[in-house]
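Novice: Supplied in structure tokens, the structure appears directly below.
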Amino acid sequence: MPEADPESITKIDGHYMYEGKAAAYLIVDGEEAAFVDTVTRFSQPALLRALEAAGLTPEQVRYIIVTHVHLDHSGGAPALAEVCKNATVLAQPRAGRHLVDPTRLIAGVRGVYGDRFDELYGVIDPIPKDRVEILEDGEFREMGNRTFTFFDAPGHARHHFVIQDSGTNSVFAGDAFGTCFPQHYQAERPFLNYVCAPPDFDPAVAKKTVQRIIDTGVERVFVAHFGIVNELAEAHEQLFTTLDEYDALVNQAAATGLEGEKLYDYCGDATTQLVNKRLTEADLDSSDETIHFWANTEHMITSKGLAFLAEKRRG
Ligand SMILES: [Zn+2]
């Protein structure tokens, strides 16, 4: 299992879909706090409980930082901003637009989740424009004794940035550094995967972002799914390998000539096979109930993203 989180950081389980899937983080510095991601509006009680446990009130939240606007991370931001009246919502330029006017975002996600949208995300209100601050690549903000530096982080999504925190020498990576679930650790070795979300997934760009995170020289990375990654050299290697494998899978899928549902099914089967192969190589037992569930049910978004990219590559 991974090392414990640094003292000023609280990982909060947003209970999105099931326990241990999507996290928000609370960063406390003296009398102020910041949330990194919000999960959904249904996660708000858990976020406010963490704040209370840290001895702070909603009025003391200075920033609500949205790594990217996929709704399992940003869906709770409008409702949280209402309660945390003094907080500024910080976002990447492409993300900021969607927060202020979520119409297109909602339509896109409804297209993926259909009728499950309401149960998963509920109502997504626009955030008033004067509450949202757009940060360009390399900009920074101070909170207490620490500096947050923001870097554009495309690859998973073009509206993604990551946050380097000087206080803990960490990067908060959202989905830009893959996924790493604590229960997939095997003998101190993490197991990383990557969510290849449509329509922006680009493996070459994703690798550049991973490299940039590594090049910051931080000691650890916090990922949204789900926790702390301390073994950065190992993680770096795994992410590069898995992104190359997804890249090859897209080319194979493009070469099949399959379209629509059939192309999606092809990508789904190939992804499940790939993930199971990697689990075996990592000595993780894919017949274990939680691992089996994850390995065989988690790839809807990746399958859609790979199929989308295969069609794009055909031109
Ligand atoms: Zn995402």
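Every number here is computed from the coordinates shown, using simple stated rules; none is lab data. Given the structure is predicted, the values throughout are model-derived calculations rather than measurements. Cβ atoms come from the backbone with ideal geometry, glycine included; neighbour counts cover every protein chain shown.
Novice: Per DSSP H run of at least 4 residues, take -39500 (n - 2.57); add these up for the chain, divide by its residues and hand me the 222 nm value, nearest 500 deg cm²/dmol. Don't skip to the answer; put the middle values down first.
Specialist: Numbers: 11 runs with 130 residues, N = 315.
Helix contribution divided over all residues of the chain: -13000 deg cm²/dmol.
Novice: Rounded to the nearest Å, what's the spacing between the alpha carbon centres of region 121-147 and region 283-297? Just the number, please.
Specialist: Their Cα centres are 37 Å away from one another.
Novice: Using only Cα atoms, find the angle between the long axis of helix 103-113 and the longest principal axis of the chain, and express it within 0 to 90 degrees, rounded to the nearest 10.
Specialist: Approximately 40 degrees, to the nearest 10.
Novice: Say each of ALA248 and GLN273 gets a label point 7 Å from the Cα, pointing the same way as Cα to Cβ; how far apart are those two points in nm?
Specialist: Computed distance between label sites ALA248 and GLN273 equals 1.2 nm.
Novice: Let me ask something additional. Could you sort out which of LYS208/LYS262; LYS21/LYS129; LYS21/LYS304; LYS129/LYS312; LYS207/LYS304; LYS277/LYS304 sit more than 26 Å apart by Cα distance in this structure? Show your work: numbers first, answer last.
Specialist: Values: LYS208/LYS262 31 Å; LYS21/LYS129 30 Å; LYS21/LYS304 19 Å; LYS129/LYS312 34 Å; LYS207/LYS304 20 Å; LYS277/LYS304 20 Å.
Violating the 26 Å limit, Cα to Cα: LYS208/LYS262; LYS21/LYS129; LYS129/LYS312.
Novice: Report the full-extension gain for the segment ASP265 to LEU120: residue separation times 0.36 nm, less the Cα-Cα distance, to one decimal in nm.
Specialist: 49.8 nm is the gain from fully extending ASP265 to LEU120.
Novice: Between GLY75, GLY227, GLY217, where does the largest GNM mean-square fluctuation fall for the chain, given springs only between Cα atoms within less than 10 Å?
Specialist: Ranking GLY75, GLY227, GLY217 by mean-square fluctuation puts GLY217 first.
Novice: To test your reading of the geometry: what angle, between 0 and 90 degrees and rounded to tens, separates the Cα axis of helix 260-281 from the longest principal axis of the chain?
Specialist: Taking the Cα atoms of the chain, the angle to 260-281 is about 80 degrees.
Novice: How far apart, in nanometres, would the label points at LYS312 and VAL205 be if each is projected 7 angstrom from Cα along the Cα-to-Cβ direction?
Specialist: Placing both labels 7 Å beyond Cα along the Cβ direction yields 0.6 nm.
Novice: Report the paramagnetic label zone for LYS85: residues of region 17-61 whose backbone N is under 14 Å from a point 7 Å from Cα along the Cα-to-Cβ axis.
Specialist: 57-61, by backbone N distance to the label point.
Novice: Using all alpha carbons of region 29-146, what is the percent of pairwise distances in each 5 Å bin, ordered from the shortest bin to the longest?
Specialist: Over region 29-146, the share of Cα pairs per 5 Å bin runs 2, 11, 23, 24, 19, 12, 6, 3, 1, 0 percent.
Novice: What residues have an amide H closer than 5 Å to that of ARG189, excluding those fewer than 5 places away on the same chain, when H is modeled at 1.01 Å from N in the peptide plane?
Specialist: Distant-sequence amide H within range of ARG189: zero hits.
Novice: Whole-Hz Karplus ³J(HN,Hα) for region 47-64, in order, using 6.51 cos²θ - 1.76 cosθ + 1.60 and θ = phi - 60°, x for Gly and Pro?
Specialist: 5, 6, 5, 5, 5, 4, 4, 7, x, 10, 9, x, 5, 8, 7, 8, 10, 10
Novice: Beyond 26 Å, what share of the Cα-Cα pairs of region 130-263 is found? Please give it as a whole percent. Show your work: numbers first, answer last.
Specialist: Numbers: 2477 of 8911 pairs.
Everything past 26 Å amounts to 28 percent.
Novice: Taking N as the number of residues in the chain, what is its alpha-carbon radius of gyration divided by 2.2 N^0.38 Å? It would help to have the intermediate numbers written out before the result.
Specialist: Numbers: Rg = 18.7 Å, N = 315, 2.2 N^0.38 = 19.6 Å.
Expressed relative to 2.2 N^0.38 Å, the Cα Rg reads 0.95.
Novice: A further question follows. Which is the longest run of the chain containing none of the GluC sites (Glu not before Pro) found in DSSP loop states (not H, G, I, E, B) with at most 14 other C-beta atoms within 10 Å?
Specialist: For GluC sites (Glu not before Pro) (loop position, at most 14 other Cβ atoms within 10 Å), the longest site-free span of the chain is 32-135.
Novice: Next up: So if I place +1 on the C-beta of Lys and Arg and -1 on the C-beta of Asp and Glu, and nothing else carries charge, what would the dipole magnitude of region 1-76 be about its Cα centre? I want it in debye, nearest 20.
Specialist: Numbers: 5 positive and 12 negative charges, 66 e Å.
Dipole size: approximately 320 debye.
Novice: Same structure again: When Rg is the radius of gyration of the Cα atoms in region 1-95 and Rh is its Kirkwood radius, what does Rg/Rh come to? Don't skip to the end; give the middle numbers.
Specialist: Numbers: Rg = 12.4 Å, Rh = 13.1 Å.
Dividing the radius of gyration by the Kirkwood radius yields 0.94.
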